[in-house]
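Here's the structure we're looking at; comments come further down.
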Amino acid sequence: MRKNYHIGVIFIAVGLFLFMNACNKDDSYVPIEDTFEVITPENDRIPEINENENVNSVNSDVRSSYRIGFVDERFELVSLVFRLAGKEEYNESSTAYQRQIDSTFSDFKHHPIVVYTAQNLHFGYDAVFNMAIHLEKEGSEFAFINNTDSLFREMGGTTIWTLVNTTEFLELLNDFYQDTDFSSYFNENAEYYEELSERFNNDIYDSINFEWFRQHGRNPDNFQAIISPSSSLNGYGGWVYGTISEDIIAYAALPGLTDYIGYTSFVIHEFAHSIGNLVAEELYLENEEFRRWSDDSVDIFHLPYYSSGMIMACEYVTRAYTILYMVEISNAYLSRLLHAEIAAGFPYIQQVYALITDYEVMEISNDVSVVLGTDDYIIGEEQSLIIGGHLIKWHHIDMPDHELILEDYIQTDVGNIFGSHTGDVLLVIKDDYKYLYIDLGSAEHQGWSSQHRMYSIYLVNWNL
């Protein structure tokens with residue numbers, strides 16, 4: 001997760017506040033709004049693509065040609081094209097760096113590749129990231145890497161990148177790269193990129209246990225994180241195949257933040273897509289019950305980014321693997337992780353988690369005392385607000401003899417209408433549903449305003 005989660009009248013995803021998607025937080029797991037695609041069984045290679053035997057290796061010599069720290073010139077360049085083309089998810093302008101980009105490249109809004117993208121490429125999100133990681137810099141131009149099979153996968157039954165639009169896009173992209181002198185801009189900001197990268201590495205990346213992925217068929221050496229200071233707060237996951245097709249190089253794209261503490265699960269989630277999507281594709285085609293769970297969970301209003309059963313299947317399995325990592329490596333509370341996913345719009349997460357583990361599905365208690373860890377609490381006076389024609393009511397909950405350990409809760413949303421403070425607990429009522437909101441602190445470091453708060457949300461039973 002906008003955004004990271006995402007949105008202004010209160011919540012980040014579309015829809016008043018109920019459910020959110022894709023990821024974030026150490027023992028905290030912030031789902032982020034991302035859409036992921038599934039690999040198609042077979043795809044023909046692009047005949048014009050240059051052959052480069054070492055293009056998919058992950059040694060530092062190859063990466064240094066287009067990376068400064070964790071910031072990747074390929075993704076920054078492709079993101080800029082979609083930014084100028086008006087793609088909402090690539091048009092964040094909340095930081096000085098993002099405003100600098102807008103100012104620097106504003107004269108190129110009518111460049112041929114921008115016009116082409118706006119008129120012909122009716123997609124965005126991780127499809128943009130997927131294009132970037134399939135490029136390799138050769139001198140002063142970009143070419144496709146040797147193995148492009150994972151570029152031509154479907155998303156919900158629809159082919160995104162094709163032989164035609166990839167070839168046309170790359171030709172125009174190289175013209176844009178020269179016309180804008182983007183290489184100079186990228187290198188001029190090296191100091192900022194290095195500072196951002198050092199923060200990310202020190203805060204969380206250096207502590208991730210990549211050996212954990214080996215048991216799930218991934219080489220710990222083949223993981224590449226990318227920080228994008230120009231993009232919004234979305235996160236993206238993707239992968240490319242090495243010279244041996246089974247040798248998957250997993251990528252995770254994260255936003256540029258002033259503080260990465262607590263974002264471990266965000267990173268794990270994006271990397272886990274390289275496992276989850278492939279497992280989900282097989283399950284969706286072969287397991288009728290899993291297919292029903294995925295199809296039944298599609299909710300265009302609350303979770304518009306998971307618009308098909310297959311996309312939902314990929315998200316389900318990826319979340320399950322993320323939870324498994326957090327439980328096994330970070331000692332996170334399984335019941336709370338599952339509970340939060342159920343409240344976020346993934347009612348079958350227990351069943352999906354059981355498919356990849358020895359977990360025995362059981363009833364997840366949504367009793368208030370279980371969520372808070374105490375049955376000694378006092379409910380405050382009711383407050384209310386009408387938003388979008390919906391009446392939202394809430395009460396502050398006081399626990400005079402109990403203090404919450406906020407690190408035990410996962411962030412699942414961001415909001416700004418309650419006026420709460422760090423550690424506050426709210427009972428929020430909308431329609432016939434009751435939610436417990438736990439304020440985890442300011443969301444300002446995530447790119448939100450100083451009034452926005454991070455919340456851990458739980459669906460609860462409460463008789464008022």
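The values are calculated or read from the model by the stated rules, or taken from the named source; none is laboratory data. On a predicted model such as this, the values are computed, not experimentally measured, just so you know. No Cβ is skipped: glycine too gets one built from the backbone with ideal geometry, and neighbour counts run over all protein chains shown.
Summary table
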{"read-out": "All positions within region 447-464 that are hydrophobic (A, V, I, L, M, F, W, C) and either crowded, with 21+ Cβ neighbours inside 10 Å or assigned to a loop (DSSP other than H, G, I, E, B) (or both)", "value": "TRP448, MET454, ILE457, VAL460, TRP462, LEU464"}
{"read-out": "Any hit, region 423-446, residues being in a loop (DSSP other than H, G, I, E, B), modelled with pLDDT of 85 or more and farther than 23 Å from GLN98 by Cα", "value": "yes"}
{"read-out": "Some residue of region 409-422 being under 22 Å from TYR333 (Cα atoms) and surrounded by fewer than 19 Cβ atoms within 10 Å (Cβ to Cβ)", "value": "yes"}
{"read-out": "Criterion: under 16 Å from TYR455 (Cβ atoms) and of a type in the set (Asp, Glu) - qualifying residue of ASP413, ASP398, ASP375", "value": "ASP413"}
{"read-out": "Residue selected from region 207-226 under the condition farther than 19 Å from GLU328 by Cβ and within 20 Å of the chain's Cα centre (by Cα), by the criterion surrounded by the most Cβ atoms within 10 Å (Cβ to Cβ)", "value": "ILE226"}
{"read-out": "Pairs with Cβ under 6 Å, 6+ apart, first in region 288-306 and buried (at least 23 other Cβ atoms within 10 Å of the Cβ), second assigned to a helix (DSSP H, G or I)", "value": "SER294/GLY309; SER294/MET312; SER294/ALA313; TYR306/MET312; TYR306/GLU315"}
{"read-out": "Subset of region 83-137 (residues that are part of a helix (DSSP H, G or I) and of a type in the set (Val, Ile, Thr))", "value": "ILE101, THR104, ILE113, VAL114, VAL115, THR117, VAL128, ILE133"}
{"read-out": "Any hit, region 293-313, residues being within 23 Å of GLN224 (Cβ to Cβ), in a helix (DSSP H, G or I) and either under 18 Å from the mean Cα position of the chain (by Cα) or not assigned by TED's automatic domain parsing to the domain that holds TYR205 (or both)", "value": "no"}
{"read-out": "Hits in region 117-156 - residues which are modelled with pLDDT of 85 or more, under 16 Å from the mean Cα position of the chain (by Cα) and small (Gly, Ala, Ser)", "value": "ALA127"}
{"read-out": "Filter result (closer than 16 Å to GLU89 by Cβ, part of a loop (DSSP other than H, G, I, E, B) and hydrophobic (A, V, I, L, M, F, W, C)) within region 222-271", "value": "LEU233"}
{"read-out": "Selection from region 325-341 of residues that are at pLDDT below 85, among the small types (Gly, Ala, Ser) and part of a helix (DSSP H, G or I)", "value": "SER335, ALA340"}
{"read-out": "Whichever residue in region 251-266 is surrounded by fewer than 24 Cβ atoms within 10 Å (Cβ to Cβ) and among the aliphatic types (A, V, I, L, M) and, among such residues, is nearest to the chain's Cα centre (by Cα)", "value": "LEU257"}
{"read-out": "Conditions (1) out of contact with any Lys or Arg (no Cβ under 7 Å at 6 or more places or on another chain); (2) under 23 Å from ARG199 (Cα atoms); (3) modelled with pLDDT under 95; number of the one not met by SER93", "value": "(1)"}
